[in-house]
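Please read the structure below before turning to the comments.
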Amino acid sequence: TEFITVGELASLMNVNPTEVISVCFSLGVMVTMNQRLEADTLLLVADEFGYKIEFQDADLEEELEETEDAAEDLEPRAPIVTVMGHVDHGKTSLLDYIRKTNVIAGESGGITQHIGAYNVKLEKGQRITFLDTPGHEAFTAMRARGAQITDIVIIVIAADDDVMPQTKEAIAHAQAAGVPMIIALNKVDKPTANPDKIREQLSAMNVLVEEWGGNVQSQEISAKFGNNVDQLLEKVLLQAEMLELKANPDRDAVGTVIEASLDKGRGYVTTLLVQNGTLRVGDYLLAGKNHGKVKAMLDERGKNLKEAGPSIPVTILGLDGAPTAGDKFRVFGEESEAKAIAVKRGQLQRELSIRTKKHTTLEELGRRI
Ligand code: GDP
Ligand code: MG
């Protein structure tokens, strides 16, 4: 790819074009006034004059702009819930209990694959999607990448322990993100459990649960034995109702990458969360700097799906690489479109690494002179 000409660069930096030509010459690049410069030369020359060049792709950003959905196209969608809390306070036990009692309902056999997200169907038919991130590092990483995907956070606190540093951090994250939280006071089956002490510690940090006159929902549970977990889920649904979560199932899918890996037999395996629209087998997908045609789509039981609507997590096969957790994905009408942008993103990334490399070279060059 070639960018602006020697003359254009000179006028941008407010120097004489002959100066640019002579710098190019000293770098071993013979150029004329109207010659376009390649990325690495451009970076080097600009650097010589004390300028930094940032590559932008205006067309790309325009192309990726979100289209607003008309209000009449919106339909209710399931809440997306993340479980957070201190280590050993019972996050995995809670997620496992919910998965066991709800996911398999009415289905026999199926081996549950551990994927980073799953959707459960409750008795009355309502659905909740759980993000099963390993600790809250993944959640934090996704937030750092600007991927705001959680609607509700369940903060699990062991009632036989205290509000621990990691719990405080989780609460702070939820508050900073403006995501409503529900407190699960866990392990109340233990004789040493003292949920009142936890409520008090929470109030001391300005988190007032409903029982204490505040507006944060909470529920005493035993994740190990499943006590009151259904009440907790009722509260999740109540919170979701208040949020009026909606999406338009009738459009090309967009969403976020949850995790991706390379599988020996199947190639790149990517877990996606559809946030708007409907994803279908055969769709052309762009995810971060990767692309591909959705060859197969599976739920967490490994069951083949043909399509997945809003709030549904799926594992797909068919991408040409592993995108990063938190990358956005979207569907394109033409494979060439998805590919063009993926290639361009790959290129920009390479140019960035060239820039870093060339900087070192330039310093070495300077030392030699
Ligand atoms: P995580 O680190 O937050 O994922 O915590 P785990 O779910 O792995 O639980 C840590 C330990 O606490 C395990 O030994 C669980 O069996 C135990 N545990 C979790 N929930 C309960 C509970 O409600 N009651 C009791 N008695 N033990 C629990
Ligand atoms: Mg765990």
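With only the Cα atoms considered, the stretch 160-210 has a convex hull volume of 78 Å³ per residue. P(r) tail, the stretch 153-308: Cα-Cα pairs separated by more than 23 Å, 54% of all pairs. Using the alpha carbons alone, the radius of gyration of the stretch 170-253 stands to its Kirkwood radius in an Rg to Rh ratio of 1.06. The calculated pair-distance distribution of the stretch 242-323 uses every alpha carbon pair, bins of 10 angstrom beginning at 0, and gives 20, 55, 21, 4, 0 percent.
3J(HN,Hα) along the stretch 193-205, derived from phi through the Karplus expression 6.51 cos²θ - 1.76 cosθ + 1.60 where θ = phi - 60°, amounts to 5, 9, x, 4, 4, 5, 4, 5, 4, 5, 5, 5, 10 Hz, with x in place of Gly and Pro. What you get for the stretch 199-284, charging only the Cβ of Lys and Arg (+1) and of Asp and Glu (-1), is a dipole of about 400 debye around the Cα centre. From most to least packed by mean Cβ count within 10 Å, the peptides 278-291, 26-39 give 278-291, 26-39. Using 19 Å as the Cα-Cα cut-off, could you pick out the over-long pairs in 224/303; 100/224; 168/197? The pairs that break the limit, which is 19 Å between Cα atoms, are 224/303.
Using +1 at the C-beta of Lys and Arg and -1 at the C-beta of Asp and Glu, which of 182, 203, 231 has the Cα lying farthest in the positive direction of the dipole of the stretch 176-265? The Cα lying farthest towards the positive end belongs to 203. When a/c is below 1.5 the answer is rounded, else prolate if a/b is larger than b/c, else oblate, so apply that to the stretch 211-283 with a ≥ b ≥ c taken from the square roots of the Cα gyration tensor eigenvalues. Verdict is oblate for the stretch 211-283.
Taken together, the values in this text are just the output of simple stated rules run on the coordinates, not laboratory data. Predicted model only: the values in this text are computed from it and were never measured. Cβ: placed from backbone, ideal geometry, glycine included. Neighbour counts: every protein chain shown.
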